[in-house]
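The values are calculated or read from the model by the stated rules, or taken from the named source; none is laboratory data. Because the structure is a prediction, the values reported are computed rather than measured. Here the Cβ positions follow ideal geometry from the backbone for every residue, glycine too, while neighbour counts run over all protein chains shown.
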Amino acid sequence: MLGSMSAKRVVIYMPAELVEALNRVTAASPQSRSEIICAAVQRYLAEGGQPVVAEPVSADEAFFDRVAEMMQSGLLQPGDFNESPSEEPEPKSKLWIN
């Protein structure tokens, strides 16, 4: 695929689901994971580096997707948010006089 080009090792981080999918494809492919990733990066760069336009998501959906992603990666734990949101706003600590 790349011929006799010089190569460098690069460390990347991917979601576990993406790595599992890549491993499944690699098992059935004559190409290595590195070759598949190189081809994907080359295609991305050839297309001008523009991300694929996805359906617009609401701010709430984006927030919950990001929280789920952070929990899967271990950055957030379920116990990090033990406090339940109160229905009533807390009183201000200072009185404002106009």
Inset, instruction - For segment 58-68, state whether one or more residues are in contact with a Leu (Cβ under 7 Å, 6 or more places away or on another chain), surrounded by 10 or more Cβ atoms within 10 Å (Cβ to Cβ), among the hydrophobic types (A, V, I, L, M, F, W, C) and modelled with pLDDT under 80. - result: yes
Inset, instruction - Scan (1) exposed (fewer than 11 other Cβ atoms within 10 Å of the Cβ); (2) over 17 Å from the mean Cα position of the chain (by Cα); (3) modelled with pLDDT under 80 for the single condition residue 8 breaks and write down its number. - result: (3)
Legend entry - Answer residue from segment 17-52, given it is without any contact (Cβ under 8 Å) to a residue 24 or more places away in the chain and polar (S, T, N, Q) and is surrounded by the fewest Cβ atoms within 10 Å (Cβ to Cβ) among those: 50
